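Peer 1: Can you keep this structure in mind? I'll have questions shortly.
Just so it is clear, none of the values below were taken in a lab; they were calculated from the coordinates. This structure is a prediction, so every number in the text was calculated from the model and none was measured. Please note: Cβ atoms are built from the backbone with ideal geometry, for glycine as well, and neighbour counts cover all protein chains shown.
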Amino acid sequence: WEHYHMKDTDYPLYLSTGKSATGLPDQIIQAKYLRPRIIIPTYNNERLMYWQARIFFGDESNKKYISASVENSNAVIFGMEHLYVDNPEDHPLYVLEGFFDSWHLNGVAIITNTMKDSKIRLLERSRRPKVVVPDYNKDGMNLANQAIEQGWGVSLPDILPANDICKAIELYGKLYVLKAVVDATYYDFEAKLRLKDFQLQNYKFFT
């Protein structure tokens with residue numbers, strides 16, 4: 001848990017025992033494959049919609065994520081309860097790629113590195129101003145450009161050489177990172193200019 005800067009009581013995450021309850025051959029194989037992974041469930045009104053099994057310890061050469069959707073994953077995001085809050089104009093909705101980064105910002109995770117139309121429509125239901133906080137890699141820059149196309153904000157916090165929120169908290173501490181996200185949030189034409197300048201200055205991270 002320390003790697004993700006969370007306590008084991010912060011969110012209902014699970015670890016597989018590696019054993020199948022049914023004894024069916026396919027499920028035995030799947031259970032063994034899930035054993036070194038942490039399982040992250042996604043809920044909507046306490047209804048399980050999706051889960052993702054992520055390598056947490058062991059052989060990092062294995063596939064990093066295994067995912068399964070109980071419902072259509074094109075319309076699944078983590079943190080749907082954050083779409084609707086009191087005084088929404090005063091509380092930006094931070095949109096990130098992964099669960100752990102979004103958890104630290106009380107935001108939502110799109111669970112992929114590209115927003116499908118269905119997820120954009122889902123996010124647009126919220127009256128909160130949307131702010132994408134991209135990972136600092138090529139896919140993250142594409143996600144930031146998507147945000148600008150939607151008229152949303154983009155945050156480009158000063159956290160390098162960390163390339164995501166969790167790594168930044170490990171390097172600089174949570175208070176610094178939270179302030180950096182707020183201080184480096186841009187909208188409209190300024191967001192476009194800042195993103196272009198950011199990519200030019202840090203091109204080695206995005207090639």
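Peer 1: What list of ³J(HN,Hα) couplings, whole Hz, do you get for the stretch 111-126 from phi and the Karplus terms 6.51, -1.76, 1.60, once you set θ to phi - 60° and write x for glycine and proline?
Peer 2: With coefficients 6.51, -1.76 and 1.60, one gets 6, 9, 9, 9, 8, 6, 4, 5, 6, 4, 4, 5, 5, 5, 5, 7 Hz.
Peer 1: Okay, moving on. List the pairs from Lys138/Lys167; Lys130/Lys174; Lys119/Lys174; Lys19/Lys116 whose alpha-carbon separation is above 24 Å, in the order I gave them.
Peer 2: Lys119/Lys174; Lys19/Lys116
Peer 1: OK, next. Expected output is a single nm value to one decimal: the length gained when fully extending between Asp117 and Glu46, i.e. 0.36 nm times separation in residues minus the C-alpha distance. What is it?
Peer 2: The Asp117-Glu46 span can extend by a further 23.1 nm.
Peer 1: Now for a separate question. Between Val182 and Asn163, what length comes free when the chain is fully extended (0.36 nm per residue of separation minus the Cα-Cα distance, one decimal in nm)?
Peer 2: Length gained between Val182 and Asn163: 5.1 nm.
Peer 1: Only Lys, Arg, Asp and Glu count, each charged at its Cβ (+1, +1, -1, -1), so figure out the dipole size of the stretch 99-153 about its Cα centre, rounded to 20 debye.
Peer 2: Dipole size: approximately 280 debye.
Peer 1: Quick one: which residues, 5 or more positions from Asn202 or on another chain, have an amide H under 5 Å from its amide H? H modelled 1.01 Å from N in the peptide plane, none for Pro or chain starts.
Peer 2: It is none; the list stays empty.
Peer 1: Something else about it: Does a label point 7 Å from the Cα of Lys192, set along Cα-to-beta-carbon, have any residues of the stretch 100-142 with amide nitrogen under 18 Å, and which are they?
Peer 2: Only 132, 141-142 pass the distance filter.
Peer 1: Given charges of +1 on the Cβ of Lys and Arg and -1 on the Cβ of Asp and Glu, with all other atoms neutral, how large is the dipole of the stretch 104-207 about its Cα centre, in debye to the nearest 20?
Peer 2: 280
Peer 1: Can you tell me how much longer the chain between Tyr203 and Asp139 gets when fully stretched, taken as 0.36 nm per residue apart minus their C-alpha distance, in nm with one decimal?
Peer 2: Here the segment from Tyr203 to Asp139 would lengthen by 21.7 nm.
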